[in-house]
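Below is one structure; the comments refer to it alone.
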Amino acid sequence: MRLFRGASFLLGGLLLCLTLSAQEPSGFDAVIRDNAKHMADEGKQTFRFDTFGDESFWGDTLRLHEAIEGQKLGGVGPGVSPATALAVGLKVDVDALPASVIAALREGKVHSTVDDSFAPGIGHRLDGWANRDLNVGAITSLAPNLQPAAALLGTDVATVRKVLAAWGPGKFDAELFMDGKGFRPDGKSSAVLIPPAFGLAGVNLHTWTGWGSVTYWNAFVGNLEMHGKGTFFDARLNNAAQFPVAAAAGFGNVRNTPDLITEKLGALQFYQLAIPAPKPPKGSFDEGAAERGKELFAGQAKCATCHVPPLFTEPGWNLHTPEEIGVDDFQASRAPDKRYRTPPLKGLWTHTKGGYFHDGRFSTLGEVVQHYNGFFGLGLSDQQVHDLVEYLKSL
């Protein structure tokens, strides 16, 4: 009996040790766990608040802050009121507001019942969601001194303002400072829709035209678009025939001292890849139709050929020529590989405003499906198109 009890005690102790070991990693496993938490926390801070030193360009050079302040506060013009800021798509994190401000706002604002925000434009932060209300062109146009941008593009300020005014809400043209193309051949703006930055774990190439990985694009935007202070290298931008503005400006090899960007790229990428695609609200799609659409997605409609579940893009080099997908080559020709990326589809329901595809050319998901229905000769009926749309809304 004593032997049995002793064995039981030893076995119980062993199980306890194994349980504690499973719960509390040790050695290098603990190092990995602690590093993951540190990276996520640091990356979130960078994603939300870091300027990479770009205030010297937007403030000292373009003097955008003076337009925001207005003449009464020592700036220029009428200034930017809170109402104007919200009108151009700037958002307010309600969790960062003092209690006194919240109390004052409650007197004249009504809660949104769609996303539980405090009011339109004021609510809880949703990292990674595409802000299709943000009018980057209108905000940039407020700057009193756009001459540096005009000089870079080899044009005048009036033309720069015309280009910016054409962007509209939810769009941005990252290639403008590369090739100088402000408008498409058909006269429409060359700006494209702001894509979401969630659900990118496992996705190789980023942006509509696959310029590079998430961390590549962060370095690209931080250095070349926001004009932060860092290091950036991409010899492809030395191609003066394709990227005349970038080649002339030396954007293919940027070096700043001190470098305020590079050391933050790792944690920033880690945090972004940890942002999951949000699930659609219950009741926002027809579940029965979505089930039928799922079968079509993998079968007759052949969507899963490129939008491979569960990534809903191809693992690997997820790019296609314009001819392969039946669209024009204007935007693709502005990227090094001259192709379009297969965009991941999870969370599609969050960015319906502004249309679909890179430039919003299709106003509904039904139009997108019908485009491929005709281009590939899929033979989908109207009911099947509907079912497929409901499945896309369910992702």
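The values are calculated or read from the model by the stated rules, or taken from the named source; none is laboratory data. What you see is a predicted model, and the numbers here were worked out from it, not measured in a lab. Cβ: placed from backbone, ideal geometry, glycine included. Neighbour counts: every protein chain shown.
Can you find a residue in the stretch 356-376 that is touching an Asp or Glu at 6+ places or on another chain (Cβ under 9 Å), modelled with pLDDT of 95 or more, part of a loop (DSSP other than H, G, I, E, B) and over 17 Å from ASN204 (Cα atoms)? Yes, the conditions are met somewhere in the stretch 356-376.
Conditions (1) surrounded by fewer than 19 Cβ atoms within 10 Å (Cβ to Cβ); (2) over 20 Å from ARG48 (Cα atoms); (3) outside the structural domain of THR159 (by TED's automatic domain parsing), marked per residue:
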| residue | (1), (2), (3) |
| --- | --- |
| ARG184 | yes, yes, no |
| VAL203 | no, yes, yes |
| ALA235 | yes, yes, yes |
| ASN238 | yes, yes, yes |
| ALA249 | yes, yes, yes |
| GLY252 | yes, yes, yes |
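Scanning the stretch 127-182 for residues that are of a type in the set (Gly, Ala, Ser) and part of a helix (DSSP H, G or I) gives GLY137, ALA138, SER141, ALA149, ALA150, ALA151, ALA158, ALA165, ALA166. Quick one: would you say THR305 is surrounded by fewer than 19 Cβ atoms within 10 Å (Cβ to Cβ), under 21 Å from GLN384 (Cα atoms) and β-branched (Val, Ile, Thr)? Against the criterion (surrounded by fewer than 19 Cβ atoms within 10 Å (Cβ to Cβ), under 21 Å from GLN384 (Cα atoms) and β-branched (Val, Ile, Thr)), THR305 qualifies.
Limited to the stretch 292-336, what total is found for residues that are over 30 Å from GLY182 (Cα atoms), touching a helix residue (DSSP H, G or I) at 6+ places or on another chain (Cβ under 8 Å) and part of a loop (DSSP other than H, G, I, E, B)?
4
On inspection, LEU73 does not qualify as of a type in the set (A, V, I, L, M) and under 16 Å from MET226 (Cβ atoms). Go through the residues of the stretch 281-291 one by one and say whether even a single one is in a loop (DSSP other than H, G, I, E, B), of a type in the set (D, E, K, R), touching a residue at least 60 places away in the same chain (Cβ under 8 Å) and out of contact with any helix residue (DSSP H, G or I) (no Cβ under 8 Å at 6 or more places or on another chain). No, the stretch 281-291 contains no residue that is in a loop (DSSP other than H, G, I, E, B), of a type in the set (D, E, K, R), touching a residue at least 60 places away in the same chain (Cβ under 8 Å) and out of contact with any helix residue (DSSP H, G or I) (no Cβ under 8 Å at 6 or more places or on another chain). When restricted to residues that are touching a helix residue (DSSP H, G or I) at 6+ places or on another chain (Cβ under 6 Å), more than 23 Å from GLY187 (Cα to Cα) and free of Cβ contacts under 8 Å to residues at least 40 places away in the same chain, the stretch 337-369 contains 2.
Of the residues contained in the stretch 277-296, one or more are found to be closer than 19 Å to ILE194 by Cβ and buried (at least 16 other Cβ atoms within 10 Å of the Cβ). When the stretch 329-361 is filtered for residues that are within 18 Å of ASP387 (Cα to Cα) and surrounded by fewer than 17 Cβ atoms within 10 Å (Cβ to Cβ), only THR352 remains. Scanning the stretch 212-221 turns up no residue that is in a loop (DSSP other than H, G, I, E, B), closer than 27 Å to PRO148 by Cβ and in contact (Cβ under 8 Å) with a residue 40 or more places away in the chain.
Scan the stretch 68-102 residue by residue and report those that are over 24 Å from the mean Cα position of the chain (by Cα), modelled with pLDDT under 70 and not in a loop (DSSP other than H, G, I, E, B). Residues satisfying the conditions are ALA99, SER100, VAL101, ILE102.
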